[in-house]
Each structure stands twice: as C-alpha cells, then as structure tokens.
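See structure below.
The values are calculated or read from the model by the stated rules, or taken from the named source; none is laboratory data. Everything numeric in this text was worked out from a predicted model, so none of it was measured. When we count neighbours, we look across all protein chains shown, and the Cβ atoms used for this are built from the backbone with ideal geometry, even at glycine. The accessibility values were calculated without ligands, DNA or RNA, using every heavy atom of the protein model including side chains. Shrake-Rupley method; radii C 1.70, N 1.55, O 1.52, S 1.80 Å.
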Amino acid sequence: QVQLVESGGGLVQPGGSLRLSCAASGFIFAIFPMAWYRQAPGKERELVAVISSGSTTNYADAVKGRFTISRDNAKNTVSLQMNSLKPEDTAAYYCHLEIRSITYWGQGTQVTVSS
C-alpha cells in the first residue's frame, strides 16, 4: 500500500535551515506529482510547494526564494530544503500525494522556529 514517511523536522533558530525528506513506497513514484503542506496550530493546512513528475516546481508566496522542493526518483524521495526560516514557518509539515482522486498523507514532521 501507499506509504509516505517524513523525517528531518526539529527545533531551529530564526534564520536557520532544515531539510525535510519524505520516503515514498507502494506506487510508481516517478510518474506522480508530490507536494509538501504544512499546518500551524489553529490554522488550516496549506500548500507549501509542489513538484511535478518532470520536476517543475511551484511555491506558496510565503516561502518563495527560501524553500526548495526536489525529488530523487531513484530513491523514491521528495525533499524540502528550508532556508532563512522564520517563526511563522513553525508548523507540522506533511508529504502529500494524490492518485485517482485519492489523497495520501504522511504522519507529519514538526518544525519549530524559535530563539
């Protein structure tokens, strides 16, 4: 079955960097777009970045120029490099996949940006 497992979250100071990874299995990874979402306490889940099967990328305005999404089809992983982190980036980050209108989520990884 489809599995998405995130890793790489943690506590970081403002201005710092983190790299999140999502290990995918149970489907043909290379042919599907992948995305990262985040959800802060009391807020709705929001799209952060998406990467197509051809590695075209799109970003939320709030993270443009600071975050980079990438994929490694040989390793079935999608990553999110986060630089210049701000306190408002604090959230649980989720890996996302949609196959034939069925949505899959990972368990999430917590990112906390605080001094």
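Under 13 Å from the Cβ of Pro14, count the other residues' Cβ atoms, weight Lys and Arg +1, Asp and Glu -1, and hand me the total.
Combined, the nearby Lys, Arg, Asp and Glu give 0.
Please work out the FRET efficiency for the pair Ala40 and Ser70, using the Cβ-Cβ distance as r and a Förster radius of 22 Å; give the result to the nearest 0.05.
0.40
With a cap of 12 neighbouring Cβ atoms within 10 Å, and only residues DSSP puts in a loop, list the GluC sites (Glu not before Pro) found in region 1-110.
Here the sparse-neighbourhood loop sites are Glu44.
When only C-alpha pairs under 8 Å and at least 6 residues apart count, what is the relative contact order of the chain, in percent? Could you put the intermediate results ahead of the total?
Working: 273 pairs, mean separation 41.3, N = 115.
Dividing the mean separation by the residue count of the chain yields 36 percent.
Would any residue of region 23-41 have its amide N under 13 Å from a label point 7 Å out along Cα→Cβ of Thr103? List them or say none.
So the set is 35-39.
With all protein chains present, how much of the accessible area of region 56-107 (probe radius 1.4 Å) comes from carbon and sulfur, to the nearest whole percent?
Within region 56-107, the accessible surface is 45 percent carbon and sulfur.
Suppose the chain between Ala23 and Ala62 were pulled fully straight at 0.36 nm per residue; how much longer would it get relative to their current alpha carbon spacing?
Using 0.36 nm per residue and subtracting the Cα-Cα distance, I get 11.5 nm.
So how exposed is Ile31, as accessible area in Å² (1.4 Å probe, rounded to 10)?
For Ile31, solvent-accessible area is about 100 Å².
As an exercise, identify the chymotrypsin sites (Phe, Trp or Tyr not before Pro) in region 1-110 lying in DSSP coil whose Cβ has no more than 16 other Cβ atoms within 10 Å.
Passing sites in region 1-110 are Phe27.
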